[in-house]
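To start, the structure under review is shown below, and the notes come after it.
The values are calculated or read from the model by the stated rules, or taken from the named source; none is laboratory data. Everything numeric here is computed off the predicted structure, so don't read it as measured data. Ideal geometry is used to build each Cβ from the backbone, glycine not excepted, and the neighbour counts take in all protein chains shown. The area values use the complete protein model at the heavy-atom level, side chains included, leaving out ligands, DNA and RNA. Shrake-Rupley method; radii C 1.70, N 1.55, O 1.52, S 1.80 Å.
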Amino acid sequence: MRTNIETPIAIATDTLDVIAPGGDFAPAQTANLFRLTDLDDPTRPHKLAEVDLRALRAVADWITSFIAKPNGDLGRAGPVCRFVPRALELNTLWLAPERVGGRDAPDVAQLVVGYEKLFLDAKPVEGEDADYKSIIVVFTDLPADRAGALFDDVLQRLALPSYADDGMVLGGFFETNQGAALYNSSFRPFTAPVPFLLMRKTVVTDWKFFLDKEDWLALWAHRHGRSAVPALAEELRRLPWQAKRD
């Protein structure tokens, strides 16, 4: 499964129905969203079970020590994800712990839809800063060897309609994810220590991930319209044919 690494809140106070680990419906709400800085705040994490707190801290450490840093194997300059450093500055990256136990893909997909609604209502809704908000749903009890198949099924259900209807990009990260970076097929940037699903707003540079997917590329072009043309032109100007023509 390939995932977009060009990733990267003031959260609405409404609650939304999602599947709870015990099988009943429970509200997804701001109380379950944690900034990375919250994990060191003694007034918040004490409400979390130890297993959930450990999982969130593992993901937070991975984000700050790997995703937000440059890497010589990435194949381009800058951090592994260009959006994360700014998101950390703006405090627009949130972690949400969830336990799914043995639940199947339809249940998990419905849970994720609840977080999508929170994400869409979150501020900023428009403007450049909106590109830097994201919610990471961390599945604290999901074994890595089950994550790939589960995420594939969930994304099969949600990824395309979420993009087409709401301009949201979803991606799965887990320890054995073999998805490669765009500029180096040997670099594996999606191998998170704890399985999670990332949701973020689409950006115009996402076309790079859709070149071999005609339906996705068409949706991208429809969503970004005229702004798509300069984004493509900027990239094309760097290609060798331009130098040969000159």
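Just a few scattered comments:
- Some residue of the range 134-142 being of a type in the set (Gly, Ala, Ser) and touching a Pro at 6+ places or on another chain (Cβ under 7 Å): yes
Per-residue answers, yes or no, for (1) surrounded by 21 or more Cβ atoms within 10 Å (Cβ to Cβ); (2) closer than 22 Å to residue 158 by Cα:
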position	(1), (2)
62	no, no
69	no, no
73	no, no
88	no, no
110	no, yes
123	no, no
132	yes, yes
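- Residue list for the range 218-246, restricted to those being surrounded by fewer than 11 Cβ atoms within 10 Å (Cβ to Cβ), in contact with a helix residue (DSSP H, G or I) (Cβ under 9 Å, 6 or more places away or on another chain) and at pLDDT below 80: 236, 242
- Filter result (under 20 Å from residue 173 (Cα atoms) and either open to solvent by 40 Å² or more (accessible area, probe 1.4 Å) or not charged (D, E, K, R) (or both)) within the range 38-60: 51, 53, 54, 55, 56, 57, 58, 59, 60
- Residue in the range 169-178 that is among the aromatic types (Phe, Trp, Tyr) and either assigned to a loop (DSSP other than H, G, I, E, B) or open to solvent by less than 40 Å² (accessible area, probe 1.4 Å) (or both) present: yes
- Meets criteria (at pLDDT 95 or above, in contact with a helix residue (DSSP H, G or I) (Cβ under 7 Å, 6 or more places away or on another chain) and among the small types (Gly, Ala, Ser)) for residue 149: no
- Among the residues of the range 90-102, those identified as outside any strand (DSSP E or B) and either surrounded by 18 or more Cβ atoms within 10 Å (Cβ to Cβ) or under 14 Å from the mean Cα position of the chain (by Cα) (or both) are 92, 100.
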